[in-house]
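See below for the structure under consideration.
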Amino acid sequence: FNNLIKKLPRGFSDYFLINSKNEKITEILLDLGRQPQIRFFNDQVKYVSRKQTSWQDIDFIVKRINTFSKDNRSGFDHTLHRICCIRNRHFLITGLTCRIGRLTFGINCLIRDLLKSEKSILILGKPGTGKTTVIREFSRVLSNDMLKRVMVIDTSNEISGTGDSPHIAIGKARLLTVPKTKLQHEIMLEAVENHMPQIIIIDEISTKLESLAVKIIAEKGVKLIGTVHGSCLENIINNPDLSQLIGDVGYVTLSDELARQRKIQKSLLERKGNSSFNILVELYKKK
């Protein structure tokens, strides 16, 4: 966290040097012409300075971090922090979102028995519920404690941190970075074909091509651990790009006689095929 504070302008960083609740901060937000603010785990928002953010303040930070990628994300080498930028119509940076990344041990204790099984696990949750933090710890436990061959597919360096050398948070797992978001499905298949992992960990499965890649990997007998955005299982079922993760669903029509026997309607939703994941874990933000 101190590495991130050093990148902030003097007038903003002073707040963090005297504040005792820095461990509860999740994000630092800076927008041109507005007061800088911070967000906490409980969604509380607090302003850290009366001074409005200027072009000079934003430029001060941008010059001290790595170059932004095409998806407008950056970070610091050997840390888990993530910085995303907001650009105007002229592609000038007018805002920054600094997401605090933390190394958290022991969060997998409640479902450690699931990790020992050969079953694939899908983690579902809204943004900010800790999906990435959970799979990061899974990676460490599986590779260090259970001595599994783990391969992490990281699109935006959010799991393993920024830099060519993976952060200690993922343990002995090997890392495959994705140069462009739209190529993630290709890198997923490359991991299986070239590196023979026992387990593949993927963050934020979101497209039909990625869902198809997951299905192919599952059919090859490789255990998968992945995350998706959503608040409940129904979100996946109703998403045409993601429904394939759970076997896809479709309508079937029953005969009049069968519908009367079962006392149900004639049109039903049924699973079309096998699910790529055996277990679904839903995450909710602590109230």
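Towards the positive end of the charge dipole of the chain, with charges on Cβ (+1 Lys, Arg; -1 Asp, Glu), say which of Leu8, Val222, Pro179 has the farthest Cα.
Ranked along the dipole, the leading option is Leu8.
Determine the gain in length on full extension of the stretch Thr207-Asn42; use 0.36 nm per residue of separation and subtract their C-alpha separation, reporting nm with one decimal. Don't jump to the answer; show the numbers that get you there.
On the way: separation 165, 0.36 × 165 = 59.40 nm, distance 3.05 nm.
Here the answer is 56.3 nm.
According to a simple spin-label model (label point 7 Å from Cα along Cα-to-Cβ), what is the distance in nm between Cys232 and Ile264?
Once both label points are built, they end up 1.9 nm from each other.
If you average the sequence gap of Cα pairs under 8 Å that are 6 or more apart and divide by the length of the chain, what percent do you get for the contact order?
Averaging sequence separation for qualifying contacts and normalising by length gives 16 percent for the chain.
How big is the accessible area of Lys46 in square angstrom, nearest 10, if you roll a 1.4 angstrom probe over the protein chains?
Accessible surface of Lys46 is approximately 90 Å².
Go through 132-142, 250-260, 86-96, 191-201 and give me the packing order, highest mean Cβ count within 10 Å leading.
Per-residue Cβ counts within 10 Å, averaged per peptide and sorted highest first, yield 132-142, 191-201, 86-96, 250-260.
For the chain, what is the charge dipole size about the Cα centre, in debye to the nearest 20, if Lys and Arg each add +1 at the Cβ and Asp and Glu each add -1 at the Cβ?
So the magnitude is around 800 debye.
To the nearest 20 debye, what charge dipole does the stretch 107-191 have about its Cα centre, counting +1 at the Cβ of each Lys and Arg and -1 at the Cβ of each Asp and Glu?
160 debye
Would you tally the net charge around Asp31, using a Cβ to Cβ cut-off of less than 14 Å, leaving Asp31 out, and scoring K and R as +1, D and E as -1? Provide the component values of the computation, followed by the final result.
Values: positive: Arg34, Arg39, Lys51, Arg87; negative: Glu27, Asp57.
Once positives and negatives cancel, what remains is +2.
Largest first, what is the accessible-area ranking of Asp59, Asp164 with a 1.4 Å probe?
Asp164, Asp59
Order the following by accessible area, largest value first: Cys84, Cys98. Probe radius 1.4 Å; ligands, DNA and RNA are ignored.
Cys84, Cys98
Just the number please: accessible area per residue for the chain, 1.4 Å probe, all protein chains included, in Å².
56 Å²
So, with a 1.4 angstrom probe, what is the percent of accessible area on the chain that is carbon and sulfur? Could the numbers behind the result be given before it?
Details: 7950 of 16100 Å².
Answer for the chain is 49 percent, counting heavy atoms of protein chains only.
Just going by the charge dipole of the chain, with Lys and Arg at +1 and Asp and Glu at -1 on Cβ, which of Ile199, Ser255, Ile61 is farthest out on the positive end?
Of Ile199, Ser255, Ile61, it is Ile61.
Based on Cβ point charges of +1 for Lys and Arg and -1 for Asp and Glu, what charge dipole magnitude is obtained for the stretch 167-242 about its Cα centre, in debye rounded to the nearest 20?
Dipole size: approximately 220 debye.
Taking a point 7 angstrom from the Cα of Ile168 along the C-beta vector, which residues in the stretch 48-65 have backbone N less than 18 Å away?
Within reach of a label on Ile168: no residues.
So what J values fall out for the stretch 69-75 if you push phi through Karplus, 6.51 cos²θ - 1.76 cosθ + 1.60 with θ = phi - 60°, rounded to Hz, Gly and Pro as x?
Karplus values, whole Hz, x for Gly and Pro: 7, 5, 8, 6, 10, 8, x.
Output ³J(HN,Hα) for the stretch 123-139: one whole-Hz value per residue in order, computed from phi by the Karplus curve 6.51 cos²θ - 1.76 cosθ + 1.60 with θ = phi - 60°, and x for Gly and Pro.
Using θ = phi - 60°, the values come out as 10, 10, x, 6, x, x, 8, x, 4, 5, 4, 5, 6, 5, 5, 4, 4 Hz.
Under 5 Å between amide hydrogens, which residues at least 5 positions from Glu282 or on another chain qualify, with H placed 1.01 Å from N in the peptide plane?
Distant-sequence amide H within range of Glu282: Leu124.
The values are calculated or read from the model by the stated rules, or taken from the named source; none is laboratory data. These figures come from a predicted structure and were not determined experimentally. Note that each Cβ is placed from the backbone with ideal geometry, even for glycine, and that neighbours are counted across all protein chains shown. Accessible surface areas use protein heavy atoms only, side chains included; no ligands, DNA or RNA. Shrake-Rupley method; radii C 1.70, N 1.55, O 1.52, S 1.80 Å.
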